[in-house]
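Everything below concerns the one structure shown next.
Every number here is computed from the coordinates shown, using simple stated rules; none is lab data. These numbers come from a predicted model, not from an experiment. Note that each Cβ is placed from the backbone with ideal geometry, even for glycine, and that neighbours are counted across all protein chains shown.
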Amino acid sequence: MTTIGVVSLGCPKNLTESETVLGILASAGYVVTPSLQEAEIILINTCSFIRAAVRESLDAIFNYARFKKSGACRCLVVIGCLPQRYGRRLDKLIPEVDLWLGVNARPYLLDALRGLEAGAPAPGCNYGASFLKESGDTGGNNSPRLLTTPPATAYLKIAEGCSHGCAYCLIPKLRGGLASRPLETILQEAAELVALGVREINLVAQDTGSYGSDLYGKPTLDLLIRRLAALPDLRWLRIMYLNPYSLTPGLLATIQDEEKVCRYLDLPFQHASARVLRLMNRPGSLAANLQVVADLRRLLPGITLRTTLMTGFPGEDRSAFRELQSFARQAGFERLGVFAYCHEEGAASFRRRETVSFIEKQRRRRQLYGLQRQISRNINATIVGQDLLVLIERRVGEGVYLGRSYREAPDVDPKIIVRGDSLSPGDFTNVKITSAYAFDLAGVKAKQ
């Protein structure tokens with residue numbers, strides 16, 4: 001029996017692909033091992049969205065290529081965004097890799113691996129023709145995913161690609177335009193996840209708000225959520241990566257009506273200056289963005305809002321950055337991430353001259369994080385004394401656990417430190433919040 005180890009880089013969307021690949025390989029008789037030193041096949045699912053991700057992917061490849069000499073590895077496989085972006089240039093750069101496949105490796109992986117094990121030459125890589133629509137693969141599973149997330153939690157990818165064309169983004173070139181998965185396929189996978197013990201499903205896509213536009217002629221995320229919320233044993237349903245301007249009345253009504261839908265939205269505004277947003281090929285302005293936030297807080301009391309912002313986009317002068325600071329201050333997001341603009345070859349913005357230095361981008365980024373630290377501390381202080389339903393993720397000491405409430409998404413948000421007895425990962429328990437820090441909260445298991 002051949003042992004295989006999988007390394008997944010990048011975002012949760014990539015992780016769902018890796019888990020699907022693991023399920024396919026395990027069903028085909030491969031033995032999945034967490035020890036890369038012992039793996040006869042090492043598979044790396046890469047990201048190349050920005051330069052930092054490219055460096056991380058290359059570092060991982062060079063690192064694990066060493067196991068072909070010092071470990072059991074006899075076959076190194078690389079899939080995903082890196083080969084999709086750079087194609088055959090990688091063959092000569094890293095000859096240690098035995099097989100390259102693009103972003104939709106699933107339909108080709110088993111046959112390619114079996115061929116390599118039989119001594120056949122590595123097949124040609126379908127670098128530029130592996131989008132879901134082109135391959136005919138709708139992302140459905142022929143075997144259960146092998147989950148790597150904490151107990152009771154899973155991501156569920158509902159679509160691939162994006163058709164918005166933001167100037168800084170390579171997703172349409174790497175992943176193609178929006179390709180929604182059929183509703184019934186998603187529902188089937190969700191039911192399988194719940195049968196495995198999953199109680200929290202986090203919906204992910206490059207553009208969740210546009211789900212269904214390509215298949216059904218209009219956005220149908222609201223319909224999908226209502227169908228998913230009907231799953232009897234599902235406890236939480238969370239929406240990630242939602243374009244702020246794809247919020248429809250139907251979607252808002254669904255979030256209002258369905259108790260299982262976490263009052264948490266991940267809305268990447270990116271900027272607040274109307275001029276910079278136009279350069280980014282995005283809608284919005286300071287006033288319009290603040291109105292979206294105000295409407296959400298009015299319609300969905302208690303909602304937690306997360307956003308991502310970008311500093312240093314070409315054309316962002318000091319006035320535009322002050323607008324961005326004003327937006328972050330007035331919106332008072334519970335969660336906020338900040339990225340410094342990366343001048344990526346292949347993106348539309350690469351044609352523009354950079355106007356903000358690397359040092360200034362990072363300085364502006366630090367300023368926003370400093371502002372957010374104080375906002376978060378103030379918000380957290382209002383939570384002390386409240387009871388929150390917490391999903392326990394892991395034990396970190398005797399009677400001490402880490403968990404999350406509806407206010408925290410997995411992987412990207414702070415944790416709640418919980419003290420209590422007789423708890424296990426995957427449990428839901430009421431926690432009385434006793435302490436607040438800049439980002440994290442702490443509490444004790446409440447009397448049930």
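Couplings 3J(HN,Hα) of segment 420-433, computed from phi: x, 10, 6, 10, 9, x, x, 6, 9, 9, 7, 10, 8, 6 Hz, in residue order, whole Hz [Karplus 6.51 cos²θ - 1.76 cosθ + 1.60, θ = phi - 60°; x for Gly and Pro]. Could you list log10 I(q)/I(0) for segment 387-445 at q = 0.21, 0.29 Å⁻¹, which the Debye formula gives when each Cα is one point scatterer? Values, matching the q order: -0.69, -1.35. Placing a pseudo-label 7 Å from each Cα along the Cα-to-Cβ vector at Ala118 and Leu252 gives an inter-label distance of 5.8 nm. Near the amide H of Asn430, within less than 5 Å, lie the amide hydrogens of Val390, Ala446, all on another chain or at least 5 residues away, with H placed in the peptide plane. Taking a straight Cα-Cα cut-off under 23 Å and skipping sequence neighbours fewer than 8 places away in the same chain, the lysines within cross-link reach of Lys69 are Lys92.
Helical content of the chain, expressed as a calculated mean residue ellipticity at 222 nm, amounts to -10500 deg cm²/dmol (DSSP H runs of 4 or more residues, -39,500 (n - 2.57) each, divided by residue number, nearest 500).
Give me the lysines in straight-line cross-link reach of Lys415: C-alpha distance below 16 Å, same-chain residues under 8 apart excluded. Within the straight-line limit of under 16 Å, Lys415 reaches these lysines: Lys432, Lys445. By DSSP, the beta bridges lying fully in the chain are antiparallel in about 35 percent of cases.
Applying the Karplus relation 6.51 cos²θ - 1.76 cosθ + 1.60 with θ = phi - 60° to segment 145-161 yields 3J(HN,Hα) values of 5, 9, 6, 10, 7, x, x, 6, 10, 8, 8, 9, 7, 9, 7, 10, x Hz, where x marks Gly and Pro. Less than 19 Å apart at the alpha-carbon level, and either on another chain or at least 8 residues along: which lysines does that give for Lys13? Cross-link targets: Lys133, Lys157, Lys173.
With all projection directions averaged, the alpha carbon convex hull of segment 188-289 covers 7.1 nm². Would you mind classifying segment 3-135 by shape? Square roots of the alpha carbon gyration tensor eigenvalues, ordered a ≥ b ≥ c; an a/c under 1.5 is rounded, otherwise it is prolate if a/b is larger than b/c and oblate if not. Rounded.
Taking every DSSP bridge with both residues inside segment 387-445, close to 85 percent are antiparallel.
For semi-axes √(5λ) of the Cα gyration tensor in Å, several values are listed as (1) 35, 28, 22; (2) 38, 27, 19; (3) 53, 30, 18; flag the one computed from this structure. Given (1) 35, 28, 22; (2) 38, 27, 19; (3) 53, 30, 18, the structure-derived one carries the label (1).
Using the Cβ-Cβ distance between Ala229 and Phe439 with R0 set to 25 Å, the FRET efficiency from 1/(1 + (r/R0)^6) comes to roughly 0.25. When only alpha carbons are used to place a centre, segment 323-369 and segment 263-301 end up 15 Å from one another. For the options Arg377, Arg353, Arg275, a Gaussian network treatment of the chain with springs between C-alpha atoms closer than 10 Å singles out Arg353 as fluctuating the most.
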